[in-house]
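Below: the structure, in structure tokens.
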Amino acid sequence: MKVLVIIPAYNEEASIGAVIKSIKHHAPEAQIIVINDGSRDNTHIEAAKAGATVINLPFNLGIGGAMQTGYLYAKANDFDAAIQVDGDGQHDPAYIHKLLKPIESGSASVVIGSRYVYETSYKSSFSRRTGMIFFSILVKILTGQTIKDTTSGFRAVNRDVIEYFAEHYPTDYPEVDVLVKLHKKKFRVIEVPVEMQQRQGGKSSITPLRSIYYMIKVSLSLLVGALRSNEC
Amino acid sequence: MFFNVYTISIIFTVLFLFTVIELVRKNKLQEKYSLLWIFMSIILLILSSTPAIINTLAGWLDIKNPPSLLFLFGLVYLIIYNLHLTVVISKQSENITRLAQEVALLKEKNSRNDSD
């Protein structure tokens with residue numbers, strides 16, 4: 001199975017090198033691609049030094065546009081599976097094979113590495129937890145499926161989903177939005193428990209006020225998206 | 001009174017129409033975006049040069065001050081045109097995103113071929 005690891009990165013020079021080395025250690029057979037989303041630091045240099053293929057976007061597209069670039073690459077180069085890993089070090093590459101296993105056996109199209117399937121040592125802030133529960137309920141209403149960690153960006157997908165994502169991937173707030181889209185397209189989504197680490201470098205974009213704003217935006221986008229026709 | 005809302009409206013619309021046509025002529029405005037503006041200008045021109053239409057319409061709609069119907073038309077039109085513009089912008093940003101992705105992928109492919 002040809003596996004591509006996609007790392008979207010925006011100003012992650014402090015952590016990207018270690019993340020790539022760790023992936024190489026845990027999944028030496030996978031090809032690693034870093035989508036440098038218009039970083040203003042040396043993310044691309046650090047990534048190339050660590051031995052990843054680097055795609056430099058000419059300007060910042062945001063997480064959705066960057067992610068999709070990875071899927072376009074995966075489609076063009078005939079990968080059988082793709083796995084997204086954050087560039088900040090919070091996703092432990094030791095779990096890559098655990099995420100890939102259901103893909104390999106064909107029992108799922110999408111596998112989400114989840115912090116909340118059962119208790120892990122991951123400590124999250126109050127606003128983050130509130131958001132998680134909120135989105136979980138929203139996704140439950142819209143899809144009927146229980147997904148505990150809706151915003152986890154640690155995901156593995158199979159070839160069919162790669163092809164779908166290459167054509168359709170939401171630009172803004174993609175993590176939650178994508179779940180509803182996948183459900184509409186009848187892809188099988190499962191969660192596997194993983195431990196997540198605190199980020200190794202850089203700073204999180206999440207502040208209490210911003211997360212409320214984020215919650216409102218995502219909810220509106222989801223509700224409007226739920227009305228959308230099936231071609232998209 | 002000569003200088004009323006209707007005459008102002010006529011003068012403004014004629015100037016506006018002239019500006020739109022001039023912009024198209026100088027290639028600063030694409031024809032397809034000028035059409036809606038020209039269409040609106042002509043309607044406004046007809047309405048403001050024939051107060052009878054406005055007066056009748058205002059009578060039907062129970063509007064006390066007929067010229068305010070003129071403003072209503074203008075306002076509604078602007079809202080619709082704004083919506084049209086955001087649709088255009090959405091399409092364009094989608095295209096720009098895809099363009100940036102393709103460029104980035106091609107650059108990577110290119111550098112790989114060079115090093116081979």
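The values are calculated or read from the model by the stated rules, or taken from the named source; none is laboratory data. Owing to the predicted nature of the structure, the values given are computational and were not obtained by experimental measurement. Cβ: placed from backbone, ideal geometry, glycine included. Neighbour counts: every protein chain shown. Keep in mind that these areas ignore ligands, DNA and RNA; they rest on the heavy atoms of the full protein, side chains included. Shrake-Rupley method; radii C 1.70, N 1.55, O 1.52, S 1.80 Å.
So here's what we get for this one:
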{"quantity": "Averaged over A:165-174, number of beta-carbon atoms from partner chains that fall within 10 Å", "calculated": "1"}
{"quantity": "Whichever lysines have a C-alpha closer than 18 Å to that of B:Lys64, once near sequence neighbours (fewer than 8 apart) are set aside", "calculated": "none"}
{"quantity": "Global form of chain A, assessed from the alpha-carbon gyration tensor, a/c cut-off 1.5", "calculated": "rounded"}
{"quantity": "With every protein chain in place, chain A: carbon and sulfur % of accessible area (1.4 Å)", "calculated": "56"}
{"quantity": "Inter-centroid distance (Cα atoms) of the range A:52-69 relative to the range B:62-116, Å", "calculated": "21"}
{"quantity": "Gyration tensor (alpha-carbon) shape descriptor, the range A:48-93, a/c threshold 1.5", "calculated": "rounded"}
{"quantity": "Antiparallel DSSP beta bridges within the protein assembly as shown, as percent of all bridges there, nearest 5", "calculated": "30"}
{"quantity": "Burial of 40 Å² or greater, the range B:84-116 residues [accessible area, probe 1.4 Å, versus chain by itself]", "calculated": "B:Thr97, B:Arg98, B:Ala100, B:Gln101, B:Ala104, B:Leu105, B:Glu108"}
{"quantity": "Anchor A:Lys181: lysines whose Cα lies under 28 Å away (excluding residues fewer than 8 positions away in-chain)", "calculated": "A:Lys2, A:Lys75, A:Lys98, A:Lys101, A:Lys140, A:Lys148, A:Lys217, B:Lys91"}
{"quantity": "Percent accessible area from carbon and sulfur atoms, the range B:5-115, protein chains only, probe 1.4 Å", "calculated": "71"}
{"quantity": "Chain B: angle of helix B:51-61 to the longest principal axis, Cα-based, in degrees nearest 10", "calculated": "90"}
{"quantity": "Residues in the range A:70-111 that, when all protein chains are in place, have 50 Å² or more less accessible area than the chain alone would give (probe 1.4 Å)", "calculated": "A:Leu72"}
{"quantity": "Along chain A, longest interval not containing exposed trypsin sites (Lys or Arg not before Pro), exposed being DSSP loop plus at most 11 other Cβ atoms within 10 Å", "calculated": "A:41-122"}
{"quantity": "Selection from B:Val14, B:Trp37, B:Ser93, by position along the positive dipole direction of the range B:5-115 (Cβ)", "calculated": "B:Ser93"}
{"quantity": "Sparse-neighbourhood loop sites, chymotrypsin sites (Phe, Trp or Tyr not before Pro) in the range B:1-85 - DSSP loop, at most 10 other Cβ within 10 angstrom", "calculated": "B:Phe2, B:Phe3"}
{"quantity": "For the range B:5-115, Kirkwood radius (reciprocal of mean inverse C-alpha pair distance, Å)", "calculated": "17.3"}
{"quantity": "Total accessible surface hidden between B and A, rounded to 100 Å², 1.4 Å probe", "calculated": "1100"}
